[in-house]
Amino acid sequence: MADEALTSMPKVGRPRREKRDKPGPLDYMRRWPLQLMVGATLVFLYLPLITLMVFSFNTSRRNVVWQGFTTDWYVKAFNNDSLLQAFLNSLTIAFFCTIFSVILGVLAAVMLWRFRFPGKTAVEGSMALPIVVPEICLGVAMLVFFARVMPWPMGMPWPLNLGAIIIAHISFAFPFVATVVRARLSSFNRELEEAAKDLGASEWRTFWDVLVPHMQPGLIAGALLAFTLSLDDFVITFFTAGPDTITFPVKVYSMLRFSVTPEVNAASTVLIVVTVILTAIGLQVQNNLSKEKKA
Amino acid sequence: MTDAQTSAQARPTPHVKDNAIIRFENITKRFGKMVAVDNVTLNIQEGEFFALLGPSGCGKTTLLRMLAGFETPTEGRVLIDGKDVAALPPNKRPVNMVFQSYAVFPHMKVADNVGYGLKMDGVDGGEIKRRVEEALELVKLDGLGARMPDQLSGGQRQRVALARALVKRPRVLLLDEPLSALDAKLRDQMRSELTSLQEKVGITFIMVTHDQDEALAIATRCAVMHRGVLTQVATPADLYEFPNSRFVADFVGSVNMFEGVLEKDEQNEAQVRCKELSAPVYLDHGVTGARGSTVWVALRPEKIEMHKRAEGSTPMKMEDAPAGANVVPGIIRDIVYLGSETNFEVELEGGRRVKTFRSNLTRYDQEDFTWDEPVWLAWHACSPAVLLS
């Protein structure tokens, strides 16, 4: 194998390539087993989504037969005030959840990375708990908590009435942020921090000038994670939402109980598009920042 | 000749006046039960290029970090310019450091890296710009201020770290293993550049290194540390030629060490009998040890001469030693050709192997020593160092 690789190296000038030469030893992508796997994965991952999107343009009320193209369902969805309200609620919750999760997550990550203190293992374990505990349990726990221990005052003006849901979302989203940021921190060169201090920076300046720039990719990834986790969470929200604090996934679920209309498809398509756009923006920002560094 | 052997401390160190910029007074540092630095007292003079030399884990880096403010001594005082710095955090000390990894901020341009310390000091923008350019010129990086660190080579990154520390005009510059991350060619070049840089800026440099070649080549004075204890403080030449202990003799350079008994110790001659050497070791100076006590003879490989030996011939005589002394027979067992010199390993009668180096003075060796050839090993009466500890 090795000999073959050596002799097949270009000798002088450009090697003469046959139209379809044999795949090399590491050219897995040019062999059928991997191609099949990749193909199957793509089909099962994206075909359902594509079906959903396609049928949102269907004139039929039912999602099984294609009758003709229409955008009526989108118009209908946009005229559905309660659906719009739910959508707005979801975005608001996700927004606040992201901000607080990132702050809390960063603080937790830095604390666990930096300090040694009694009970550190316990804290680390309890941080992972919201990630491993089944969502349904968390949901019930939140329900009990907000019903008995700390009832969220009723009849607060928007968006304060979303407080209970926001708190619930933060509690399961920030450990994800902390995990991502912590992983990023492990590659931090401690000497950078010492260098900044050696050059006269205070503790606080060192944090902003050296640690935060290093954490940045983790911050963006964590924020995206928190945002999408919050936006599409159903189970926990379902248990904490009141009658006037419906979120988008909960609303879609309640619509489904009556009938699966293409209106739901349309609304879901909008959500998918929003999520994809936000993710793309986030990645773009990250790319630009790293390109700026290189320039 | 009498006190040539006596310890280097007794000899005056010519260029050093007591003008100490740094004083370590009875410094002890413990990490839990581990003693990293053990009762070190050391003065470093203004304008010196001082090297802290020792194997890894000997406490040299801890000592340096105490100076920078990243560690606090468990006991004792650190004085910079006569002032106790115990209460000063790293960002308030008049010292700057070049880190082993260089620690150049990866997300800042070269100019911003160099200007960072000035910005922290509240120097105004125009002044920063001017001084950054000056500093970059000093380390021969002029024109690269707009580059990002990942566009620089390792050697250039180190220069950035140097400029960044020097631009603050510290009283003392600390260097933590400054050359260890560079490749061999670049290391040689940086060595001489570091010395000329230090001469140019006139700042006291303190370097930590485990590489004795580096310390000997760069430093004006070295301190050898071993297990937290300061073993010897001396100029590079004294360290090499007049080591005060087996550890220093062995750590600095290459050495053949023989255990022996002091047979004679007069004002201007001494003799040691070593079990592994068939002839006595004769010295042309006294060694101030008790007669009959155990001593160690350290013989540097380049100070041993090698001569052809015909089977059954009488031993040659060294002109500065009595007949039979300082000459032992052996057989060449190993030859390592290194270009500028050749290293030989010679097996003595008792089986002990001795290293000896010969410079390759001509393009082919007239004597043509070869494997398994019988030879005489001989040395002058002033060559061996006798160590009491």
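When you look at A:Val210, is it on the phi < 0 side of the Ramachandran plot, within 11 Å of chain B (Cβ to nearest Cβ) and not acidic (Asp, Glu), yes or no? It would help to see each step written out before you state the result.
Working: on the phi < 0 side of the Ramachandran plot: yes; within 11 Å of chain B (Cβ to nearest Cβ): yes; not acidic (Asp, Glu): yes.
Against the criterion (on the phi < 0 side of the Ramachandran plot, within 11 Å of chain B (Cβ to nearest Cβ) and not acidic (Asp, Glu)), A:Val210 qualifies.
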(Q) It is to be established whether one or more residues within the range B:102-109 are basic (Lys, Arg), more than 30 Å from B:Thr28 (Cα to Cα), open to solvent by 30 Å² or more (accessible area, probe 1.4 Å) and more than 14 Å from chain A (Cβ to nearest Cβ). (A) no
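Out of B:Asp188, B:Asp150, which single residue is surrounded by fewer than 19 Cβ atoms within 10 Å (Cβ to Cβ), facing chain A (nearest Cβ under 10 Å) and part of a helix (DSSP H, G or I)? Can you show your working first?
Numbers: B:Asp188 fails: facing chain A (nearest Cβ under 10 Å).
Matching residue, one of B:Asp188, B:Asp150: B:Asp150.
For the range B:273-294, name all the residues that are in contact with a strand residue (DSSP E or B) (Cβ under 8 Å, 6 or more places away or on another chain), over 10 Å from B:Val386 (Cβ atoms) and either part of a loop (DSSP other than H, G, I, E, B) or open to solvent by less than 10 Å² (accessible area, probe 1.4 Å) (or both). Before the answer, list the steps.
Residues of the range B:273-294 in contact with a strand residue (DSSP E or B) (Cβ under 8 Å, 6 or more places away or on another chain): B:273-283, B:285-294.
Add one more test, that the residue is over 10 Å from B:Val386 (Cβ atoms), and what stays is B:273-280, B:282, B:290-294.
If the condition is that a residue be in contact with a strand residue (DSSP E or B) (Cβ under 8 Å, 6 or more places away or on another chain), over 10 Å from B:Val386 (Cβ atoms) and either part of a loop (DSSP other than H, G, I, E, B) or open to solvent by less than 10 Å² (accessible area, probe 1.4 Å) (or both), then B:Cys274, B:Lys275, B:Glu276, B:Leu277, B:Ser278, B:Ala279, B:Pro280, B:Ala290, B:Arg291, B:Gly292, B:Ser293 are the ones that fit.
What is the residue count in the range B:337-378 for residues that are of a type in the set (Asp, Glu) and not in a strand (DSSP E or B)?
At the first step, the residues of the range B:337-378 found to be of a type in the set (Asp, Glu) are B:341, B:345, B:347, B:349, B:365, B:367-368, B:372-373.
Now drop any that are not not in a strand (DSSP E or B), which leaves B:349, B:365, B:367-368, B:372-373.
Looking only at that region, the number is 6.
With the structure loaded, tell me whether B:Leu63 is open to solvent by less than 10 Å² (accessible area, probe 1.4 Å), under 27 Å from B:Lys33 (Cα atoms) and within 12 Å of chain A (Cβ to nearest Cβ) or whether it fails that test. Full working, then the answer.
On the way: open to solvent by less than 10 Å² (accessible area, probe 1.4 Å): yes; under 27 Å from B:Lys33 (Cα atoms): yes; within 12 Å of chain A (Cβ to nearest Cβ): no.
When the stated conditions are applied, B:Leu63 does not pass them.
With respect to B:Gly47, is the statement that it is at positive phi and more than 14 Å from every other protein chain (Cβ to nearest Cβ) true?
Numbers: at positive phi: yes; more than 14 Å from every other protein chain (Cβ to nearest Cβ): yes.
Yes; evaluated as a whole, the condition is true for this residue.
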The number of residues in the range A:188-218 that are open to solvent by 40 Å² or more (accessible area, probe 1.4 Å) and either among the aromatic types (Phe, Trp, Tyr) or farther than 28 Å from B:Leu166 by Cα (or both) is 4
Across (1) in contact (Cβ under 8 Å) with a residue 60 or more places away in the chain; (2) within 14 Å of chain B (Cβ to nearest Cβ), A:Ala195 clears everything bar (1)
The residue from B:Ala323, B:Ala381 that alone is surrounded by 14 or more Cβ atoms within 10 Å (Cβ to Cβ), of a type outside the set (Lys, Arg), more than 24 Å from the chain's Cα centre (by Cα) and assigned to a loop (DSSP other than H, G, I, E, B) is B:Ala381
Residue hits (the range A:159-178; open to solvent by 10 Å² or more (accessible area, probe 1.4 Å), aliphatic (A, V, I, L, M) and modelled with pLDDT of 90 or more) are A:Ile166, A:Ile167, A:Ile170
With the first residue restricted to the range B:65-77 and required to be more than 18 Å from B:Leu174 (Cα to Cα), and the second required to be surrounded by fewer than 17 Cβ atoms within 10 Å (Cβ to Cβ) and among the small types (Gly, Ala, Ser), Cβ contacts under 7 Å at 6 or more apart or on different chains are B:Arg77/B:Ala86
Within the range B:85-99, of all residues that are among the hydrophobic types (A, V, I, L, M, F, W, C) and at the interface with chain A (Cβ under 7 Å from one of its Cβ atoms), the one surrounded by the fewest Cβ atoms within 10 Å (Cβ to Cβ) is B:Phe99
With criteria (1) within 14 Å of another protein chain (Cβ to nearest Cβ); (2) assigned to a helix (DSSP H, G or I); (3) not hydrophobic (A, V, I, L, M, F, W, C), A:Lys251 comes up short on (1)
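Using the structure shown, decide if B:Asp211 is of a type in the set (Asp, Glu) and closer than 18 Å to B:Phe50 by Cβ. Walk me through it before giving the result.
Working: of a type in the set (Asp, Glu): yes; closer than 18 Å to B:Phe50 by Cβ: yes.
Taking the combined requirement at face value, the residue satisfies it.
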The condition from (1) within 28 Å of B:Pro55 (Cβ to Cβ); (2) buried (at least 18 other Cβ atoms within 10 Å of the Cβ); (3) of a type in the set (A, V, I, L, M) that B:Val132 misses is numbered (1)
- request: Answer with yes or no whether A:Ser268 is closer than 28 Å to A:Pro130 by Cα and of a type outside the set (Lys, Arg).
  value: yes
When you look at A:Thr237, is it in a helix (DSSP H, G or I) and within 14 Å of chain B (Cβ to nearest Cβ), yes or no? no
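The values are calculated or read from the model by the stated rules, or taken from the named source; none is laboratory data. Computed from a predicted structure; not experimentally measured. Positions of Cβ are backbone-derived with ideal geometry, glycine not excepted, and every protein chain shown enters the neighbour counts. Side chains are part of the model used for accessible areas, which takes the heavy atoms of the whole protein and leaves out ligands, DNA and RNA. Shrake-Rupley method; radii C 1.70, N 1.55, O 1.52, S 1.80 Å.
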